[in-house]
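The values are calculated or read from the model by the stated rules, or taken from the named source; none is laboratory data. The model shown is predicted, which means the values in this text are computed figures rather than measured ones. Here Cβ is always computed from backbone atoms with ideal geometry, including for glycine, and neighbour counts include all displayed protein chains. Calculation scope for accessible area: heavy atoms of the full protein, side chains included, ligands and nucleic acids excluded. Shrake-Rupley method; radii C 1.70, N 1.55, O 1.52, S 1.80 Å.
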2 protein chains.
Amino acid sequence: MQTIEQYRIFEVVLEGTDKGNPYRDVELSARFTSERGADSVVVQGFYRGDGRYGIRFMPTLEGSWSFETTSSDALLDGARGELFVEPAQASNHGRVLRSKDVMHTSALFDSSLDFTFSFEDGTRFLPFGTTCYAWINQPAAVQEQTLRTLAHAPFNKLRMCIFPKFYDYNHEDPELFPFPGDPTDGFDRARFNEPFWENLDRRLSQLDEMGIQADIILLHPYDKPEWGFSSMSTEEDIFYLSYVARRYAAFKNIWWSLANEFDLMPHKTVEDWDRYARVIMANDPWGHLRSIHNCRTVFDHTHPWITHVSWQRIDVRRTAECVSELRRAYGKPVVVDECAYEGNISWGWGNISGEEMVRRFWEGVLRGGYLTHGETFVDRGPQIWWAHGGRLHGESPARIAFCREFMESLPQDMDHVAGEVFTLAGTFTWDVTCMADKQGSGTDCILIYFGLSRPAYRDFVLPEGSRYAIDVIDTWNMTVERAHEDMSGAFRLELPSRPYMLVRMQARGENAL
Amino acid sequence: MQTIEQYRIFEVVLEGTDKGNPYRDVELSARFTSERGADSVVVQGFYRGDGRYGIRFMPTLEGSWSFETTSSDALLDGARGELFVEPAQASNHGRVLRSKDVMHTSALFDSSLDFTFSFEDGTRFLPFGTTCYAWINQPAAVQEQTLRTLAHAPFNKLRMCIFPKFYDYNHEDPELFPFPGDPTDGFDRARFNEPFWENLDRRLSQLDEMGIQADIILLHPYDKPEWGFSSMSTEEDIFYLSYVARRYAAFKNIWWSLANEFDLMPHKTVEDWDRYARVIMANDPWGHLRSIHNCRTVFDHTHPWITHVSWQRIDVRRTAECVSELRRAYGKPVVVDECAYEGNISWGWGNISGEEMVRRFWEGVLRGGYLTHGETFVDRGPQIWWAHGGRLHGESPARIAFCREFMESLPQDMDHVAGEVFTLAGTFTWDVTCMADKQGSGTDCILIYFGLSRPAYRDFVLPEGSRYAIDVIDTWNMTVERAHEDMSGAFRLELPSRPYMLVRMQARGENAL
């Protein structure tokens, strides 16, 4: 009996017919049943060419499992097997899902669970994403470089496309296409090009080994007429989406993004997107996270198949500030998947400073949202990170690492203090962005972020009956200075007249964290 | 016969009764009639104490005028006189009014006239304001220092209160109060304290000599209980407002601001403000500009008495960007009278950087609005400019001078190119703020501002048939560099990957300005 770690991929490889078009014609699935209970999962198989078929299964329960296949091809039908699932290792937490779908709700945690993510074992997951849209469509050496860069970067989510990208700074044909064929003679969209997908298999596994969620963008508008991947028929889209879901749903580290900038694909209707989401769901027994990303028009994220908001800023100036209104509007976790990129390309979405990128991160995370980084320097080498991957050059990644480490050090029940709250710790909140613990007193841990404001001081009045340790944190210079060890009542906190300062107030003693 | 320059103040001083309360009881006016035509102006007089009465007249026409008084006091009734009005000197352009109320409209200029100001002789006036709320309530030496500072500053409009200010950093009683009395024993709001008003007379004249418009804030909420000037009865308010209008309407350099942050005076209703505006108008035969300023709730600027929008930013991040929507909403000139202040005080409205202040200026003026500066450093001496006047310490005034000089050098028909215009000079406009000439081709002079964006280049396609001189302007470092002397068609403009850059494209030859 084969042994596999919980949440890892158990792959069944079968030999069957290679006649006709097995991608289209052969039906194959397997039912996996756990000895421990009623848990039973039906998994769709997929064709790999040369008469080879795959079925990928991710066990969510430990112990013995058995499976049996069903197929329209007699060679594939009725195959049986067993596997033994060992407990997950310490670094393996399974899928990322919405907290409310993972945790036992309690009154105390209630509202926060609507807006946060957790691994399925209950471990907190705070997405700190980045963007390499077309990294798997670059030469192998660049792909390897991207992985080396990611290994030392602070990012735990990667926005990436399947189809290649044709757009500014992206005009090369990739070496491998998802379909057989070429741009000159056209593509056979009823079949798949196995080497392309084997490369994607490997890349997704490598990301998983690094603890990086692959936010897979299934469709996007940046297309070349000779490719035509953005203008396939509905039937072709569904054929492709089914294949992707069957092949990759067993990867614990994948998220589904139906589209990048869906509104730049006006030939696809809202009903199409709803239908495509149902196709993904029908072929993904693990219910991975699903969303859809906008350019100028936000998709209505109340649609029930959408698990979280994947948002691009619309206004040039108000970006991460919108997390608050998006949370209110949709009641789901909010990921600002495009807040503009650090760099100096021609367009405004790709030429903000490191300071502004980092400011948007803090502004968003303290509002209880999540941000995605990207980098677009036109003059720092042959690759541009946002599309090709390669190397990072900007000033923001180190500060995003600091931000991630800080946020992960906080109590789990921290949440944004809404703008409607008039004062916190005795100071006005209209000009600052605040977080506080929600499970305790609401004042055991208080964060106050000043952003572009650069006061020389701020007056506070601490809640009666508590004593506090006060830290002044420079989010740009990445320093934490203990200003007061044991403070109570009214006091004036000296600040350095610099932007990007964060104040942390932690209750001591009985109120301590 | 006395001689007076056009638009200057001709002051009639009369002796009358000092019995009872002449401020309240004596009616006095004078009709001024021009020999040149039907022009006839009735001007209300005002009491100055000690039996002295004043009538101030500003002639708008040259030539001979005569006047005759009417009064409830026989000593003041029937006084007659003549004056001869000489042409205005080159630096004297009269009042500032809305362009549409000054200029003969033409189809070409039409829409711009709705949103711009002109002196009454037709000279363009671009407000570049600053703020010294309580400067006339400071010791005389500070007032003198303020004037010396203003003499070398770029500002041509000053927001200033009449009543003293009681607020953070402002807790001193002034030397002079507008009413007789003192904070201990109370004030007689049925009389006025002449030394206070004589000082204001002198200060307004001094501002006028420097070409500075006094944007007089008539009421404001920053009051001390012992003063009570923000909570006078409606009758007391009207008595006060009538007096101010009668005493100052003949100053060519005054604007009326009904209130600062009117919404922080909730005991006064919208109907009160409308009524107060009518009181001002009834006592101001010269129809000076009128507006009212908000804190969190914008006054409905469609009210017909409001000549222009006097707006404070509401959102922390979107400030001068709102000029476009305010123009659309109200169809009147838009002055962002509070976009926050350069400095480092505790509150977010008073601790932005010089860079951000200057960015807001450019963002607003290129949208066809006007900005007002203020400065709030808590650690640069005993005065804070925003309230006390004194000295300026910030980095923005020099850049605002550069901005003003640049904007005044432009053709008069420049106006904002609305965000709905998709491209200009062959480039997208969504991420830049643009202006162009409206009278000519619309492409004879083009301005493109990049704000926080810091591209390494931008591609343009110039309109066919024209050749252009291209300047790259660093609005922070105040440099203008000629990038191309004679450019046409498609080209790539190199830019320095720094923020705050402005590009100017001027058509040459027959299309030249």
Sort through A:ALA469, A:ALA401, A:ALA436 and tell me the only one that's within 25 Å of the chain's Cα centre (by Cα), more than 14 Å from every other protein chain (Cβ to nearest Cβ), of a type in the set (Gly, Ala, Ser) and open to solvent by less than 20 Å² (accessible area, probe 1.4 Å).
A:ALA436
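Conditions (1) within 17 Å of B:PRO139 (Cα to Cα); (2) in contact with a Gly (Cβ under 7 Å, 6 or more places away or on another chain); (3) of a type in the set (Val, Ile, Thr), marked per residue:
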{"position": "B:PRO174", "(1), (2), (3)": "yes, no, no"}
{"position": "B:PHE177", "(1), (2), (3)": "yes, no, no"}
{"position": "B:ASP188", "(1), (2), (3)": "no, yes, no"}
{"position": "B:ASP201", "(1), (2), (3)": "yes, no, no"}
{"position": "B:PHE229", "(1), (2), (3)": "no, no, no"}
Just to check your reading of the model, which residue among B:ILE384, B:ILE345, B:ILE352 is more than 20 Å from the chain's Cα centre (by Cα), within 11 Å of chain A (Cβ to nearest Cβ) and touching a residue at least 24 places away in the same chain (Cβ under 8 Å)?
B:ILE345
For region B:446-459, which residues satisfy the criterion of being part of a strand (DSSP E or B) and surrounded by fewer than 23 Cβ atoms within 10 Å (Cβ to Cβ)?
B:TYR449, B:TYR457, B:ASP459
Looking only at region A:304-331, count how many residues are within 26 Å of A:GLY348 (Cα to Cα), more than 10 Å from every other protein chain (Cβ to nearest Cβ) and of a type in the set (D, E, K, R).
3
Need the failing condition index for A:HIS393 against (1) more than 14 Å from chain B (Cβ to nearest Cβ); (2) touching a strand residue (DSSP E or B) at 6+ places or on another chain (Cβ under 9 Å); (3) open to solvent by 20 Å² or more (accessible area, probe 1.4 Å), just the number.
(1)
Among the strands (runs of 3 or more DSSP E) confined wholly to region A:253-346, which include 3 or more residues that are within 30 Å of B:ARG318 (Cα to Cα) and assigned by TED's automatic domain parsing to the domain that holds A:THR234?
A:309-312, A:334-338
Residue list for region B:51-73, restricted to those being touching a residue at least 60 places away in the same chain (Cβ under 8 Å) and either aromatic (Phe, Trp, Tyr) or open to solvent by 50 Å² or more (accessible area, probe 1.4 Å) (or both)
B:PHE57
Test A:ARG454 against the criterion of being among the charged types (D, E, K, R) and either within 14 Å of another protein chain (Cβ to nearest Cβ) or farther than 24 Å from A:LEU371 by Cα (or both), and give yes or no.
yes
Out of everything in region B:415-430 that is in a strand (DSSP E or B) and in contact (Cβ under 8 Å) with a residue 60 or more places away in the chain, what residue ends up being surrounded by the fewest Cβ atoms within 10 Å (Cβ to Cβ)?
B:ASP415
Among (1) at pLDDT 95 or above; (2) outside any strand (DSSP E or B); (3) within 23 Å of B:ALA250 (Cβ to Cβ); (4) open to solvent by less than 30 Å² (accessible area, probe 1.4 Å), the one test that B:GLY122 misses
(1)
Within region B:216-252, restricting attention to residues that are within 10 Å of B:ASP284 (Cα to Cα) and part of a helix (DSSP H, G or I), which residue is most open to solvent (accessible area, probe 1.4 Å)?
B:ARG246
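Filter region B:78-89 for residues that are farther than 20 Å from B:PHE251 by Cβ and open to solvent by 30 Å² or more (accessible area, probe 1.4 Å) and give the result. Can you show your working first?
Within region B:78-89, the first condition is being farther than 20 Å from B:PHE251 by Cβ, and the residues that meet it are B:78-82, B:84.
Hits for region B:78-89 are B:GLY78, B:ARG80, B:GLU82, B:PHE84.
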Could you check how many residues of region B:347-374 are of a type in the set (Lys, Arg) and in a helix (DSSP H, G or I)?
2
B:PRO496 fails exactly one of (1) closer than 30 Å to B:GLY394 by Cα; (2) open to solvent by 30 Å² or more (accessible area, probe 1.4 Å); (3) part of a strand (DSSP E or B), namely (3)
